[in-house]
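Nothing in this text is a laboratory measurement; each read-out follows from the coordinates by a stated rule. For clarity, every value in this text was computed on a predicted model and none was experimentally measured. Methodologically, a virtual Cβ is constructed for each residue, glycine included, from the backbone with ideal geometry; neighbour enumeration extends over all protein chains shown.
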Amino acid sequence: MNNTILVTGGAGFIGSAVIRHLLNDHDCLVVNIDKLTYAGNQETLKNESVNSRYVFEQLDICDQASMVSVFNTYQPRAIMHLAAESHVDRSIDGPADFVQTNIVGTYHLLEVARQYLAACNLADRDERAEDRFRFHHISTDEVFGSLGDDGAFTESSPYQPNSPYSASKASSDHLVRAWNETFGLPVLLSNCSNNYGPYQYPEKLLPVIISKALSGDAIPVYGTGKNVRDWLYVDDHAKALVKILNEGEVGRSYNVGGNEERTNIDVVTTVCGILDRIEPSSDGKPYEALVQYVTDRPGHDHRYAIDASRISSELGWQPEESFESGMEKTVKWYLNNQQWINSVLAKNGKSGLRLGTKTKVTSAREK
């Protein structure tokens, strides 16, 4: 069988980690499909771009004709669908892009995959559909809404999205399930907790903390900083996704989490503490002194927590990085790769406005 895997959104944060894992640890051809919007950057896969088992196609998943051409050209055995608009604050400022990419784009991919599989003439080969092709849709725990102080999301938790971003991802999840139930498309779904690690777009929490601290600017923390997230190191997530693709039961969903719940302020103070130790400020003051609590964003979910017992018991996956070891690796990576961050910011521009509120964050130097 042709061992080719299509990865949509492969120039992004999680997608690039998946591609690195596939190329390093699996014998397959990887075709990266990415539109290269603000969050996509080919520098993320600079070392992998010279690999003979890697192909890049700059395409929009909403362009169905282009997707048909890609499927026909590469005859993949699977697609890992990660292309998405993913920033909650951006979805508040401009929901339309989220509807278009996350919902309409997923629909186009499902239809192209369905037609592709139908054309494979499986009956003539006595081959099961799931052995010829699999569609792995990667989603988020935010589709489940907000938790109280107890409990965790399971694969059977009801969907209660609270932001335009999570609503668009919930919609795409439902489409994927429907194409499995109605058309028999062999699909797998996964919902993950908060990812962190190398190559994350600079507007996300950890890169913001690091860049603000190093520049001596105020480190913005929403509300009281008591919102809770489960933190998952991106390379652990990438390994989980490939395991789900290869070993998961078709039609089944899998929650992927790091079993590392922390409040946002705990994350901020942890990163500040690491910076204090390995890159102390010039004035000798702790970076935590730069923390500034700012107006909370609309619809900010209180707590997410993932029950990852299914993927653990059925597929034998466990995260390898602890919160402490993963954060240490992440901070060191950003300190050693300031050129990558600067190139991303130079490409897309840098704003002092908080997305989702249009409110300017006050710098510590302006106070």
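DSSP loop GluC sites (Glu not before Pro) in the range 198-261 with at most 15 other Cβ atoms within 10 Å of their Cβ, which ones?
Glu249
If a/c stays under 1.5 just call it rounded; otherwise compare a/b with b/c (prolate if a/b is bigger, oblate if not). Do that for the range 42-109, with a ≥ b ≥ c from the square roots of the Cα gyration tensor eigenvalues.
Oblate, since a/c reaches 1.5 and b/c is not below a/b.
Going by Cα centres, the range 45-83 and the range 149-211 are how many Å apart?
Spelled out, the Cα-based centre of one part sits 22 Å from the other.
Could you grab the relative contact order for the range 1-154? Cα pairs under 8 Å, six or more apart, rounded to a whole percent.
Result for the range 1-154 is 24 percent.
Report the label-to-label distance for His300 and Glu43 in nanometres (one decimal), using points 7 Å from each Cα along the Cα→Cβ vector.
Using points 7 Å along Cα→Cβ, the separation is 3.0 nm.
State the extension gain, in nm to one decimal, for the chain segment bounded by Leu122 and Lys204, taking 0.36 nm per residue of separation less the distance between their alpha-carbons.
Value of the extension gain: 25.1 nm.
Roughly what would the spin-label model give for Thr263 and Ala65, points 7 Å off Cα along C-beta, in nm?
Modelled inter-label distance: 5.5 nm.
What is the distance, in nm, between label points placed 7 Å from the Cα along the Cα-to-Cβ direction at Leu214 and at Asn51?
The answer from the label model is 2.6 nm.
Between Arg277, Arg114, Arg132, find the one with the highest GNM mean-square fluctuation for the chain; connect C-alpha pairs within less than 10 Å.
Between Arg277, Arg114, Arg132, it is Arg277 that shows the largest mean-square fluctuation.
Amide H neighbours of Asn195 under 5 Å, counting only residues 5+ apart in sequence or on other chains, H built in-plane at 1.01 Å?
Distant-sequence amide H within range of Asn195: Leu232.
What is the packing order of peptides 103-113, 9-19, taking the mean over residues of other C-beta atoms within 10 Å and listing the highest first?
Per-residue Cβ counts within 10 Å, averaged per peptide and sorted highest first, yield 9-19, 103-113.
Spelling out what I want: for every residue of the range 33-38, take phi, set θ = phi - 60°, compute 6.51 cos²θ - 1.76 cosθ + 1.60 (Karplus), and round to whole Hz; glycine and proline get x.
Rounded to whole hertz, the list is 10, 8, 7, 6, 6, 4.
Taking a 31 Å limit on the Cα-Cα distance, which of the listed pairs Lys35/Lys226; Lys169/Lys285; Lys212/Lys347; Lys35/Lys285; Lys46/Lys226 fall beyond it?
Lys35/Lys226; Lys169/Lys285; Lys35/Lys285; Lys46/Lys226, as the Cα separations exceed 31 Å there.
May I ask you to list the residues of the range 1-34 whose amide nitrogen lies under 14 Å from a point 7 Å from Cα along the Cα→beta-carbon direction of Lys347?
9-17, 33-34
Could you work out how far the C-alpha centroid of the range 301-327 sits from that of the range 228-284, in angstrom?
Answer, in whole Å: 9.
Can you tell me the length gained on complete extension of the stretch Ala289 to Asp93, counting 0.36 nm per residue apart and subtracting the Cα distance?
67.6 nm
Using the Karplus curve 6.51 cos²θ - 1.76 cosθ + 1.60 with θ = phi - 60°, work out ³J(HN,Hα) for each residue of the range 304-315 in order, rounded to whole Hz, and write x for Gly and Pro.
Going residue by residue, I get 10, 8, 9, 9, 9, 5, 5, 5, 5, 6, 8, 10 Hz, with x marking Gly and Pro.
Quote to one decimal, in nm, the extra length available between Arg177 and Leu36 on full extension: 0.36 nm per residue of separation minus the C-alpha distance between them.
Length gained between Arg177 and Leu36: 48.0 nm.
Please build a GNM for the chain, connecting alpha carbons under 10 Å apart, and tell me which residue among Asn259, Asn227, Asn24 fluctuates the most.
Asn24
What are the ³J(HN,Hα) couplings of the range 293-300, residue after residue, when phi is run through the Karplus curve with 6.51, -1.76, 1.60 and θ = phi - 60°? Round to Hz, x for glycine and proline.
Per-residue couplings from phi come out as 7, 10, 3, 5, 7, x, x, 6 Hz.
Just the number, please: percent antiparallel of the DSSP beta bridges in the chain, rounded to the nearest 5.
Taking every DSSP beta bridge with both residues in the chain, the antiparallel ones total about 10 percent.
For the chain, what's the relative contact order in percent, using C-alpha pairs closer than 8 Å and at least 6 residues apart?
Dividing the mean separation by the residue count of the chain yields 18 percent.
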